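One structure is given here, and the rest of the page talks about it.
The values are calculated or read from the model by the stated rules, or taken from the named source; none is laboratory data. Keep in mind it's a predicted model, so treat the numbers as computed, not measured. Every residue, glycine as well, gets a Cβ built from its backbone with ideal geometry; the counts of neighbours run over all protein chains shown.
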Amino acid sequence: MDREQVTGWISAYEQAWRTPGTQALATIFTEQASYRQGPYREPVIGLPAIARMWEAERDGTDEVFQMTSEVVAVEGDTAVARLEVRYGAPVDQEYRDLWIMRFAADGRCASFEEWPFWPAQSTATHPTDS
């Protein structure tokens, strides 16, 4: 994989999210792909399970959002990207996310892990009182 291929995969992911149904998932994920929605979440394994999770998570293909991304690193079959997603018009929800992706030889994702962060989310182990 190279940066251009990863950027193309991220665009295909966004397009699949905006497309009714889940048929497009087979073009971006392998049959037995692993999809972890957070670093401490159990992975969702396989296209049928990912499709069920996908439909449960999105509000519909007409939900208003803007997504920007930057590929941070690519090493062999593994890539890391930084994303920002803003929902609504006007924006009423946003978050930043890191995606760790491992790709199969055919360019589909075999392992996907995201690390989402919301505004004002504490990153300290023990927040102090102000």
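For segment 71-94, taking the residues that are part of a strand (DSSP E or B), surrounded by 12 or more Cβ atoms within 10 Å (Cβ to Cβ) and among the acidic types (Asp, Glu), the one that is modelled with the highest pLDDT is identified as Glu84. Applying the criterion of being surrounded by fewer than 17 Cβ atoms within 10 Å (Cβ to Cβ) and farther than 13 Å from Val80 by Cα to the residues of segment 95-115, the residue that is modelled with the lowest pLDDT is Tyr95. Candidates are the residues of segment 14-69 that are modelled with pLDDT of 90 or more and of a type in the set (Phe, Trp, Tyr); the one that is nearest to Val91 (Cα to Cα) is Trp54.
Do we have Asp59 as out of contact with any strand residue (DSSP E or B) (no Cβ under 6 Å at 6 or more places or on another chain), under 20 Å from Trp118 (Cβ atoms) and among the acidic types (Asp, Glu) here? Criteria met by Asp59. The set of residues in segment 3-34 that are assigned to a strand (DSSP E or B), buried (at least 16 other Cβ atoms within 10 Å of the Cβ) and not hydroxyl-bearing (Ser, Thr, Tyr) comprises Phe29, Ala33.
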